[in-house]
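Asks: Before we start, here is the structure in question, set down as structure tokens.
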Amino acid sequence: MTVRLRALLGSLVLLVVEVARTNNSHVHAYVRQYHAAGHEKQGMRSRFINRKKHHRPKFKPGPWTPAHATFYGGGSDSFGSACGYHDVVKEGYGIETAALSEVLFNNGEGCGSCYEIKCEADPKWCAPGQPSLTVTGTNHCPGGPCAAPLHHFDLAEPIFSRIADKTAGIVPVSYRRVPCKKQGGIRFTITGNPYYNEVLVWNVGGAGEVISMKVKGNKKLKWTQMNRLWGQRWVTPAMMVVLAAE
């Protein structure tokens, strides 16, 4: 008799994604059932078969809060390394992204959250009419003006210029949490092998943040809690394989 290993990545899998709340009273939960649909360079993408969606209270904008903003040159960095995204432009976030200060990044939990930002009314540095812009947190800004307990956004130069004169260097701003507007539902990129499974969660609407992940390979099995590897990359401590005797 031989024993055949059938990996999680080639089987029917259930994922539960718990999304952050606007305050401490609302939790948004999603359930996704999918069948892995072939290898890609950066792992396996999922093809959804069906889904169940728990009740999700509408995400409401938060209060305006004072902060500061800077910019990094060129806007050519499209990778959200601290959040684990492959390429934020290809994954639908565009250049409207920000590296978040320690407090906002919150050990990776702030990845995917959306903010409306506007320059404080300063006729010398702010753009006329005090326009606002909406960004998604996709990276981490460590130390300096981004150190705790400061609230700070480091923006790509092209979008910083929409709200302020870049010669200012650093400007006072106001910001608030806003709903993330995404199309196509939550998406997963799965990589690994029969003994190690890693899931990147992206394109999350509403709150944007993912605070918990669970996985199981069969409806008869118990849910396995996944651990945050970094940013929005999650791993399971369990060996997710199926043993089949032949």
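Asks: With the structure loaded, tell me whether Ile163 is farther than 19 Å from Ala207 by Cβ and among the β-branched types (Val, Ile, Thr) or whether it fails that test.
Replies: On the way: farther than 19 Å from Ala207 by Cβ: yes; among the β-branched types (Val, Ile, Thr): yes.
Criteria met by Ile163.
Asks: I've got another one for you. Determine if the range 152-159 includes at least one residue that is β-branched (Val, Ile, Thr) and either over 28 Å from His68 (Cα atoms) or touching a Lys or Arg at 6+ places or on another chain (Cβ under 9 Å) (or both). Give the derivation first.
Replies: Quick first cut of the range 152-159, residues β-branched (Val, Ile, Thr) only: 159.
Then keep just the ones that are either over 28 Å from His68 (Cα atoms) or touching a Lys or Arg at 6+ places or on another chain (Cβ under 9 Å) (or both); that gives none.
For the range 152-159, residues β-branched (Val, Ile, Thr) and either over 28 Å from His68 (Cα atoms) or touching a Lys or Arg at 6+ places or on another chain (Cβ under 9 Å) (or both): absent.
Asks: Still on this structure, I have one more. Quick one: count up the residues across the range 187-214 that are in a loop (DSSP other than H, G, I, E, B) and more than 30 Å from Gly73 (Cα to Cα). Can you show your working first?
Replies: So the first thing to find is which residues in the range 187-214 are in a loop (DSSP other than H, G, I, E, B), and the list is 194-195, 203-205, 207-209.
If we keep only those that are more than 30 Å from Gly73 (Cα to Cα) too, we end up with 194-195.
Number satisfying all stated conditions: 2.
Asks: Scan the range 102-119 and tell me whether some residue there is over 19 Å from Arg228 (Cα atoms) and among the small types (Gly, Ala, Ser).
Replies: Filtering the range 102-119 for residues over 19 Å from Arg228 (Cα atoms) gives 114-119.
Filter once more, so that each one left must be among the small types (Gly, Ala, Ser): none.
The answer is no, given that none of the residues of the range 102-119 is over 19 Å from Arg228 (Cα atoms) and among the small types (Gly, Ala, Ser).
Asks: Restricted to the range 217-240, and to residues that are in contact with a Pro (Cβ under 9 Å, 6 or more places away or on another chain) and not in a loop (DSSP other than H, G, I, E, B), which residue is modelled with the lowest pLDDT? Spell out the reasoning first.
Replies: From the range 217-240, those in contact with a Pro (Cβ under 9 Å, 6 or more places away or on another chain) are 224-227, 239-240; that's our starting set.
Those left that are additionally not in a loop (DSSP other than H, G, I, E, B): 224-225, 227.
On the way: Thr224: 84, Gln225: 87, Asn227: 91.
Only one residue tops the list, namely Thr224.
Asks: Considering only the range 93-144, state which residues are among the small types (Gly, Ala, Ser), under 14 Å from Ala69 (Cα atoms) and under 13 Å from the mean Cα position of the chain (by Cα).
Replies: Matches in the range 93-144: Ala98, Ala99, Gly137.
Asks: For the range 224-238: of the residues being free of Cβ contacts under 8 Å to residues at least 60 places away in the same chain and not polar (S, T, N, Q), which is surrounded by the most Cβ atoms within 10 Å (Cβ to Cβ)?
Replies: Taking the range 224-238 first, the residues free of Cβ contacts under 8 Å to residues at least 60 places away in the same chain are 224-227, 234-238.
Subsequent filtering for residues that are not polar (S, T, N, Q) retains 226, 234-235, 237-238.
Numbers: Met226: 23, Trp234: 25, Val235: 18, Pro237: 11, Ala238: 17.
For the range 224-238, the residue satisfying everything is Trp234.
Asks: Here's a follow-up. When you scan the range 173-186, do you find a residue that is in a strand (DSSP E or B) and more than 25 Å from Ala98 (Cα to Cα), even just one?
Replies: Of the range 173-186, the ones in a strand (DSSP E or B) are 173-178, 180.
Subset that is more than 25 Å from Ala98 (Cα to Cα): none.
For the range 173-186, residues in a strand (DSSP E or B) and more than 25 Å from Ala98 (Cα to Cα): absent.
Asks: From (1) closer than 14 Å to Val103 by Cα; (2) not in a strand (DSSP E or B), pick out the condition that doesn't hold for Thr167.
Replies: (1)
Asks: Additional query: Scan the range 196-220 for residues that are surrounded by fewer than 17 Cβ atoms within 10 Å (Cβ to Cβ) and touching a Leu at 6+ places or on another chain (Cβ under 9 Å) and report the count. Outline the logic, then answer.
Replies: Step one: filter the range 196-220 for residues surrounded by fewer than 17 Cβ atoms within 10 Å (Cβ to Cβ), giving 196, 211-212, 218-220.
Next cut, touching a Leu at 6+ places or on another chain (Cβ under 9 Å) only: 218-219.
Number satisfying all stated conditions: 2.
Asks: Restricting the first residue to the range 192-217 and requiring it to be touching a residue at least 40 places away in the same chain (Cβ under 8 Å), which pairs with a second residue that is in a strand (DSSP E or B) and small (Gly, Ala, Ser) meet a Cβ separation below 6 Å and a spacing of at least six or different chains?
Replies: From the range 192-217, the pairs are Pro194/Ala7; Glu198/Gly192.
Asks: Exactly one condition in (1) over 16 Å from Thr138 (Cα atoms); (2) modelled with pLDDT of 85 or more; (3) not hydrophobic (A, V, I, L, M, F, W, C) is not met by Arg177; state its number.
Replies: Checking Arg177 against (1) over 16 Å from Thr138 (Cα atoms); (2) modelled with pLDDT of 85 or more; (3) not hydrophobic (A, V, I, L, M, F, W, C), the one that fails is (1).
The values are calculated or read from the model by the stated rules, or taken from the named source; none is laboratory data. Quick caveat, the model's predicted, so the values are computed rather than measured. Glycine gets a Cβ as well: all are built from the backbone with ideal geometry, and neighbour counts include every protein chain shown.
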